[in-house]
1. So which residues in region 1-42 are of a type in the set (Val, Ile, Thr) and without any contact (Cβ under 8 Å) to a residue 40 or more places away in the chain?
2. What number of residues within region 52-65 are closer than 25 Å to LYS12 by Cβ and either surrounded by fewer than 23 Cβ atoms within 10 Å (Cβ to Cβ) or among the hydroxyl-bearing types (Ser, Thr, Tyr) (or both)?
3. Go through (1) within 14 Å of the chain's Cα centre (by Cα); (2) assigned to a helix (DSSP H, G or I); (3) under 21 Å from TYR190 (Cβ atoms); (4) not aliphatic (A, V, I, L, M) and name the single condition SER116 misses.
4. Any residue at all in region 49-56 that's within 11 Å of VAL5 (Cα to Cα), hydrophobic (A, V, I, L, M, F, W, C) and touching a residue at least 60 places away in the same chain (Cβ under 8 Å)?
5. Would a scan of region 66-81 turn up a residue that is on the phi > 0 side of the Ramachandran plot, assigned to a loop (DSSP other than H, G, I, E, B) and either surrounded by 14 or more Cβ atoms within 10 Å (Cβ to Cβ) or out of contact with any strand residue (DSSP E or B) (no Cβ under 6 Å at 6 or more places or on another chain) (or both)?
6. Can you tell me which residues in region 6-32 are in a strand (DSSP E or B) and closer than 13 Å to TYR64 by Cα?
7. State the number of residues belonging to region 84-110 that are in contact with an Asp or Glu (Cβ under 7 Å, 6 or more places away or on another chain) and surrounded by 23 or more Cβ atoms within 10 Å (Cβ to Cβ).
Amino acid sequence: MKMIVGLGNPGKEYADTRHNVGFRVIDALASALNTDVKKRKFGARFGETELEDKKLILLKPWTYMNRSGQAVAAAAGFYKLPLPELMVVTDDMALEPGVIRMRPRGSAGGHNGLKSIIAALGSEDFCRLRCGIGSWHGLEGRGNVPQAYDYVLSNVPAEQRVVIDEAVERAKDAVLCWIRSGVDAAMNEYNPDKSGQKE
């Protein structure tokens, strides 16, 4: 069994924001696997399906980003899931828009959703796929709203939409590769060359 978690915020007002790239990847996976993510449990929306004799759980925490760990820990505990069989898909400001990068483990890197999951699981030893949304640096903020917060909760602008859409499709393919062939094969196939990209 493997569980793929996409991070985001519930509600129509967040659907097209940079912070909801993880939800979009789950939707792309559900479409590719001819299933849906509509069951309600664990404080999440989830679906169950199979690929090549592997049972798959597709999950969207419905608890808002900074409490994502509650849903992930509840589902992982229910299914008695070994942590290496967990993949978390998230947005990342340290990567340029459209760049994706998979890792078998690691820190939260300042991401509140990952912080919540690490705290709830008591471990960093789960796979993650980061989807670049670019940095807010150099952009104007609005009043007292923190610039990073304002940036991730703003809609993907028209000039980046094609790049982000393509990244969602690549991320979907990278997750399918991980399911079929493991994390090393997926990293070799889908991670970019390190030159010119920030870790």
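Computed from the coordinates by the stated procedures, all read-outs in this text should not be read as laboratory data. Fair warning: this is a prediction, and the values are worked out from it, not measured in the lab. Note that each Cβ is placed from the backbone with ideal geometry, even for glycine, and that neighbours are counted across all protein chains shown.
1. Answer for region 1-42, where residues must be of a type in the set (Val, Ile, Thr) and without any contact (Cβ under 8 Å) to a residue 40 or more places away in the chain: THR35, VAL37.
2. Residues meeting the conditions: 3.
3. Single failed check for SER116: (3).
4. Checked against the condition, which is being within 11 Å of VAL5 (Cα to Cα), hydrophobic (A, V, I, L, M, F, W, C) and touching a residue at least 60 places away in the same chain (Cβ under 8 Å), region 49-56 yields at least one hit.
5. First, pick out the residues of region 66-81 that are on the phi > 0 side of the Ramachandran plot: 80.
Next, only the ones that are assigned to a loop (DSSP other than H, G, I, E, B) stay: 80.
In the following step, the residues that additionally are either surrounded by 14 or more Cβ atoms within 10 Å (Cβ to Cβ) or out of contact with any strand residue (DSSP E or B) (no Cβ under 6 Å at 6 or more places or on another chain) (or both) were identified as 80.
For region 66-81, residues on the phi > 0 side of the Ramachandran plot, assigned to a loop (DSSP other than H, G, I, E, B) and either surrounded by 14 or more Cβ atoms within 10 Å (Cβ to Cβ) or out of contact with any strand residue (DSSP E or B) (no Cβ under 6 Å at 6 or more places or on another chain) (or both): present.
6. Step one: of region 6-32, the residues in a strand (DSSP E or B) are 6, 17.
GLY6 - this is the single residue of region 6-32 that is in a strand (DSSP E or B) and closer than 13 Å to TYR64 by Cα.
7. 0
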